[in-house]
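*Asks:* Sharing a structure below in structure tokens format, with a few things to ask.
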Amino acid sequence: RNPLTDRDSLQYHLPMWAHWVRSGNLSVALREPLEIYTAYPGTAELLQAFAGWAALDDALAPWPAIGALVLLGLVTRRLALRLGAASPLAEAGAVLLMSERAVTALGRGTQVDGLMAAWTLIALHFALRFRAHRTPRDLAVALVSIGLASGCRFTGPALGMLVLLTALAWPPAVPFAAVRRVSWTPWLIAGVLTSFWLVRNLVATGNPLY
């Protein structure tokens, strides 16, 4: 829907990356109204900004959210299959989810909830794959996905910890030796993606959250 008219887009999503465009950096817009919102994590808004720069206006800004809904549907199906659902039920469940009005509404503006949900479910899917097969690359994908989800909302890190605890520590727990086989690189990437916006806020305002 162009131009964007929903409250969240106009109140802080678009102003957040408009400030980045004007300032040439990813700083907090301290001198603009509603600065409490522009201190939110901005990984999703960064994707929107790239789309905006590509079109030289906000015409393509909703496309990251639309792409997130496609990912959400696909990973919902894969996760249902992994949890033992028959293929027709998994596909029907994914279609029903994507047909829900509250879900489709996430693709009509610059909402970040779809991106966080998609990356969180991707993390859960690959963490469960790691639990089943002990393949290091599965946990690596899960960790990076947690980092991406954590860059969308402040609730992301808590959801990421819940994903890891569910997949790795639920009895019977995954042996620590299997976890140690994973390279330090995805742990570092997840840490940077999770902490970047918090550190930025801490430097700018003295508070990692606002």
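The values are calculated or read from the model by the stated rules, or taken from the named source; none is laboratory data. Bear in mind the structure is a predicted one, so any value in this text is a computation, not a measurement. Please note: Cβ atoms are built from the backbone with ideal geometry, for glycine as well, and neighbour counts cover all protein chains shown. The protein model used for the area step is the full one, side chains on, heavy atoms only, and it has no ligands, DNA or RNA in it. Shrake-Rupley method; radii C 1.70, N 1.55, O 1.52, S 1.80 Å.
*Asks:* Rounded if a/c is under 1.5, else prolate if a/b beats b/c, else oblate: with a ≥ b ≥ c from the C-alpha gyration tensor eigenvalues square-rooted, which is segment 135-198? Walk me through the numbers on the way to the answer.
*Replies:* Values: a/c = 2.68, a/b = 1.46, b/c = 1.83.
In terms of gyration-tensor shape, oblate.
*Asks:* Something else: Which GluC sites (Glu not before Pro) in segment 25-118 pass both tests, a DSSP loop state and at most 11 other beta-carbon atoms within 10 Å?
*Replies:* Here the sparse-neighbourhood loop sites are Glu100.
*Asks:* Roughly how much of Thr135 is accessible, in Å² to the nearest 10, using a 1.4 Å probe?
*Replies:* 30
*Asks:* State in Å² the accessible area per residue of the chain; use a 1.4 Å probe, count heavy atoms of protein chains only, and round to the nearest integer. All intermediate terms of the calculation are to be shown ahead of the outcome.
*Replies:* Working: 10860 Å² over 210 residues.
That works out to 52 Å² for each residue.
*Asks:* Using only the heavy atoms of the protein chains and a 1.4 Å probe, how would Met116, Met161, Met16 rank by accessible area, largest first?
*Replies:* Numbers: Met116 25, Met161 110, Met16 5 Å².
Of Met116, Met161, Met16, the descending order of accessible area is Met161, Met116, Met16.
*Asks:* Here's another thing I want to ask about it. Please list the radius of gyration and Dmax for segment 22-138, considering alpha-carbon atoms only, with Å as the unit.
*Replies:* Calculated on Cα positions, Rg and Dmax stand at 17.4, 54 Å.
*Asks:* Ignoring ligands, DNA and RNA, how do Ser9, Ser87, Ser99 rank by accessible area with a 1.4 Å probe, largest first?
*Replies:* On the way: Ser9 0, Ser87 45, Ser99 80 Å².
Sorted descending by solvent-accessible area, the residues read Ser99, Ser87, Ser9.
*Asks:* Mind checking the full-extension length gain between Arg82 and Leu96? Use 0.36 nm per residue of separation minus the Cα-Cα distance, one decimal, nm. Display every interim value, and only then the final one.
*Replies:* On the way: separation 14, 0.36 × 14 = 5.04 nm, distance 1.82 nm.
Length gained between Arg82 and Leu96: 3.2 nm.
*Asks:* Can you send over the solvent-accessible area of His125, 1.4 Å probe, protein chains only, in Å² to the nearest 10?
*Replies:* 10
*Asks:* Which length gain, in nm to one decimal place, applies between Thr104 and Leu188 when the Cα-Cα distance is subtracted from 0.36 nm times their residue separation? Could you put the intermediate results ahead of the total?
*Replies:* Details: separation 84, 0.36 × 84 = 30.24 nm, distance 3.37 nm.
Length gained, Thr104 through Leu188: 26.9 nm.
*Asks:* Shifting gears a bit: May I ask you to give the percent of accessible area on segment 1-133 that is carbon plus sulfur, with a probe radius of 1.4 Å? Display every interim value, and only then the final one.
*Replies:* Working: 4330 of 6620 Å².
The computed percentage sits at 65.
*Asks:* What does the helix-only formula give at 222 nm for the chain: each DSSP H stretch with n ≥ 4 adding -39500 (n - 2.57), the total divided by the residues, and the result rounded to the nearest 500 deg cm²/dmol?
*Replies:* Working: 11 runs with 136 residues, N = 210.
Computed mean residue ellipticity for the chain: -20500 deg cm²/dmol.
*Asks:* What accessible area, in Å² to the nearest ten, does a 1.4 Å probe give for Phe126?
*Replies:* Rounded to the nearest 10, the figure is 50 Å².
*Asks:* Ok, one more. Where the centroid of each part is defined by its Cα atoms, how far is segment 155-181 from segment 40-105 in Å?
*Replies:* For segment 155-181 versus segment 40-105, the Cα centre distance is 24 Å.
*Asks:* Pulled fully out, how much extra length does the chain show between Ala59 and Ala177, if you take 0.36 nm times their separation in residues and subtract their Cα-Cα distance?
*Replies:* Values: separation 118, 0.36 × 118 = 42.48 nm, distance 4.89 nm.
Extra length available between Ala59 and Ala177 comes to 37.6 nm.
*Asks:* Binning every alpha carbon pair distance of segment 78-210 at 5 Å from zero, what are the percents per bin?
*Replies:* Values per bin, smallest distances first: 2, 11, 16, 19, 18, 15, 11, 6, 2, 1, 0.
*Asks:* What order do Asp57, Asp138, Asp113 take when sorted by accessible area (1.4 Å probe), most exposed first? Before the final figure, lay out each step's value.
*Replies:* Details: Asp57 80, Asp138 5, Asp113 50 Å².
Listed by decreasing accessible area, they come as Asp57, Asp113, Asp138.
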